[in-house]
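Q: Take a look at this one; I'll ask things after.
The values are calculated or read from the model by the stated rules, or taken from the named source; none is laboratory data. It should be emphasised that the depicted structure is a prediction, and the values quoted were computed from it without experimental measurement. Ideal geometry is used to build each Cβ from the backbone, glycine not excepted, and the neighbour counts take in all protein chains shown. Each accessible area value is taken on the protein alone, full model and side chains, heavy atoms only, with ligands, DNA and RNA left out. Shrake-Rupley method; radii C 1.70, N 1.55, O 1.52, S 1.80 Å.
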Amino acid sequence: MGFLWALIIGGIIGWLAGMIVGRDIPGGIIGNIIAGFVGAWLGTAIFGNWGPHVADFAIIPAIIGAVILVFLLSLIMKSFRRSNH
């Protein structure tokens, strides 16, 4: 059951990051989950493991890390779209 909660919380974190940045994450639900997990890792690595925890995610650093990740991915995707035209 813990793994299922981690997937749900990871998906919500990725979805929130996409909403904050104003960009859709490629891959739909799977992309949201991946962005949530990678963003949580990135945020925890940069900002530490503080704040409220849900399903082993430090929520605030996880959301900040996911926002950074989604923003960087959107810049990369935009540059690829420009170079292909």
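Q: Can you find a residue that is touching a residue at least 12 places away in the same chain (Cβ under 8 Å) and surrounded by 15 or more Cβ atoms within 10 Å (Cβ to Cβ) anywhere in the range 76-83?
A: No, the range 76-83 contains no residue that is touching a residue at least 12 places away in the same chain (Cβ under 8 Å) and surrounded by 15 or more Cβ atoms within 10 Å (Cβ to Cβ).
Residue by residue, here is whether (1) open to solvent by less than 50 Å² (accessible area, probe 1.4 Å); (2) modelled with pLDDT of 90 or more holds:
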{"site": "F3", "(1), (2)": "no, no"}
{"site": "I8", "(1), (2)": "no, yes"}
{"site": "I13", "(1), (2)": "yes, yes"}
{"site": "A17", "(1), (2)": "yes, yes"}
{"site": "I20", "(1), (2)": "no, yes"}
{"site": "D24", "(1), (2)": "no, no"}
{"site": "G28", "(1), (2)": "yes, no"}
{"site": "I34", "(1), (2)": "no, yes"}
{"site": "L42", "(1), (2)": "yes, yes"}
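Q: Kindly indicate whether I59 is of a type in the set (V, I, T), within 19 Å of P26 (Cα to Cα), in contact (Cβ under 8 Å) with a residue 40 or more places away in the chain and open to solvent by less than 60 Å² (accessible area, probe 1.4 Å).
A: Values: of a type in the set (V, I, T): yes; within 19 Å of P26 (Cα to Cα): no; in contact (Cβ under 8 Å) with a residue 40 or more places away in the chain: yes; open to solvent by less than 60 Å² (accessible area, probe 1.4 Å): yes.
When the stated conditions are applied, I59 does not pass them.
Q: Sticking with this structure for a sec: I'd like to check which helices (runs of 4 or more DSSP H) are fully inside the chain and have at least 3 residues that are of a type in the set (F, W, Y).
A: Fully inside the chain and qualifying: 2-21, 28-47.
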